[in-house]
Amino acid sequence: MIRLNNVCKSFGPLQVLRNINLYVKEGEKITIIGPSGSGKSTLIRCINALEEPDSGEVSLNGEQITHRNKTMMVRMYCAMVFQQFNLYPHMNVLQNITLAPIKLQKKSRAEAEDIAFHYLDVVGLRDKARAYPSTLSGGQQQRIAIARALATRTKILLFDEPTSALDPEMVQEVLDVIIKLSSESITMVVVTHEMGFARQVADRVIFLDNGVIAEEAPPNEFFDNPKTERAKAFLSKILR
């Protein structure tokens, strides 16, 4: 469903991604972990065409993303949940969720609202349909952002550190929603600092360090018996 071939990305003199080769099968759940500045967010933004690689190829469902087709490809296959929610403050919850189905997918308002209420039920916030983002907690806003992504009904969900902007007591309510989604057939790529969550939901853990994939393995294998010294050092600090 997702393939990256020799993807490189720099910002000025700083090379952030170095010859990244990665595949994600349909329905697979991947977590991307690593130290701050290792390129995790840039990698996921390249998948979603929010950043364009300097070299290499990104393909979705077997078709390469190009400068010409990237908008169509991303709308067709991907939805993304950001760190900072990115809800429209002047729209209520229902309007935020129905905007893409109505404007991009040309669904009727009634159909879009049916979809929206279904996913509000999934995230447990049907009663907030007429509320505005400013009246919601951070955890509630992120759950609404997840419902908005789900409402597009794309095959791929991308999460860029979805709990990093939340107070500690709100983190678990968002993780619980993603854990619930992990039993579905959706292809998921999650950048996260939550190691217990990564172990629980992932089919495969990708450890990114200094712009390269330093190690990848099933979660139990990675967390219990990391192969590289860099992964061992990272885990010893973050799990202590």
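Among I186, I20, the order of accessible area from largest down is I186, I20, computed with a 1.4 Å probe on protein heavy atoms. Computed over the alpha-carbon pairs of segment 196-240, the distance histogram in 5 Å steps reads 5, 24, 34, 28, 9, 0 percent, short to long.
Less than 5 angstrom separates the built amide H of E215 from those of F207, all sequence-distant by 5 or more or on a different chain. Helix 138-151 and the longest principal axis of the C-alpha atoms of the chain enclose an angle of approximately 80°. Projecting the Cα atoms of A100, A145, V123 onto the charge dipole of segment 13-170 (Cβ charges, centred on the Cα centre) puts A100 farthest toward the positive pole.
Identify the trypsin sites (Lys or Arg not before Pro) of segment 18-47 meeting these criteria: DSSP loop state and at most 16 other C-beta atoms within 10 Å of the C-beta.
K25
Once the Cα atoms are used to define both axes, helix 109-123 deviates from the longest principal axis of the chain by about 50 degrees.
I'd like the GluC sites (Glu not before Pro) in segment 80-177 restricted to DSSP loop residues with at most 15 other Cβ atoms within 10 Å, sorted by number.
Details: sites: E111, E113, E169, E173; in loops: none.
Taking segment 80-177 and a limit of 15 other Cβ atoms within 10 Å, no loop GluC sites (Glu not before Pro) are found.
Which shape class applies to segment 11-137: rounded if a/c is under 1.5, otherwise prolate when a/b exceeds b/c and oblate if not, where a ≥ b ≥ c are the square roots of the Cα gyration tensor eigenvalues? Prolate is the answer for segment 11-137, as a/c is 1.5 or above and a/b outweighs b/c.
Taking Cα centroids, how far is segment 188-240 from segment 96-128 in Å? Using only Cα atoms, the two centres lie 35 Å from each other. Shape summary of segment 157-240, radius of gyration then Dmax from alpha carbon positions: 13.1, 34 Å.
To the nearest 500 deg cm²/dmol, what mean residue ellipticity at 222 nm is calculated for the chain from DSSP H runs of n ≥ 4 alone, each contributing -39,500 (n - 2.57), summed and divided by the residues?
On the way: 9 runs with 93 residues, N = 240.
Calculated from helices alone, the mean residue ellipticity at 222 nm is -11500 deg cm²/dmol.
Pairs exceeding a 30 Å alpha-carbon distance, out of K40/K70; K40/K227; K9/K107: K9/K107. Listed values for segment 201-208 are Karplus-derived 3J(HN,Hα) couplings in whole Hz (6.51 cos²θ - 1.76 cosθ + 1.60, θ = phi - 60°), namely 9, 7, 7, 8, 9, 10, 9, 9, and x replaces Gly and Pro. Simple point charges give the picture: +1 on the Cβ of Lys and Arg, -1 on the Cβ of Asp and Glu, and for segment 1-62 a dipole about the Cα centre of about 180 debye. Listed values for segment 125-136 are Karplus-derived 3J(HN,Hα) couplings in whole Hz (6.51 cos²θ - 1.76 cosθ + 1.60, θ = phi - 60°), namely 9, 4, 5, 9, 4, 9, 7, 9, x, 5, 8, 9, and x replaces Gly and Pro. Karplus-based coupling profile of segment 70-79, in residue order and whole Hz: 4, 5, 4, 5, 5, 4, 6, 10, 10, 9, with θ = phi - 60° in 6.51 cos²θ - 1.76 cosθ + 1.60 and x standing for Gly or Pro. With the convex hull drawn around the C-alpha atoms of segment 1-50, the volume per residue stands at 78 Å³. Close amide H pairs (under 5 Å, H built 1.01 Å from N) link R204 with K29, T31, residues at least 5 positions away or on another chain.
In debye, nearest 20, what is the charge dipole magnitude of the chain about its Cα centre with +1 on Lys and Arg Cβ and -1 on Asp and Glu Cβ, if you could check?
I would put it at about 500 debye.
Quick one: helix 168-181 against the long Cα principal axis of the chain, what's the angle to the nearest 10°, folded into 0 to 90? It is inclined by approximately 90 degrees. Spatial offset of segment 1-70 relative to segment 132-173 amounts to 22 Å, using the alpha carbon center of each.
The values are calculated or read from the model by the stated rules, or taken from the named source; none is laboratory data. Source: prediction; values computed, not measured. Don't worry about glycine lacking a Cβ; one is built from the backbone with ideal geometry, like all the others, and counts go over all protein chains shown. Just so you know, the surface numbers come from the protein's heavy atoms only, side chains and all, with ligands and any DNA or RNA stripped out. Shrake-Rupley method; radii C 1.70, N 1.55, O 1.52, S 1.80 Å.
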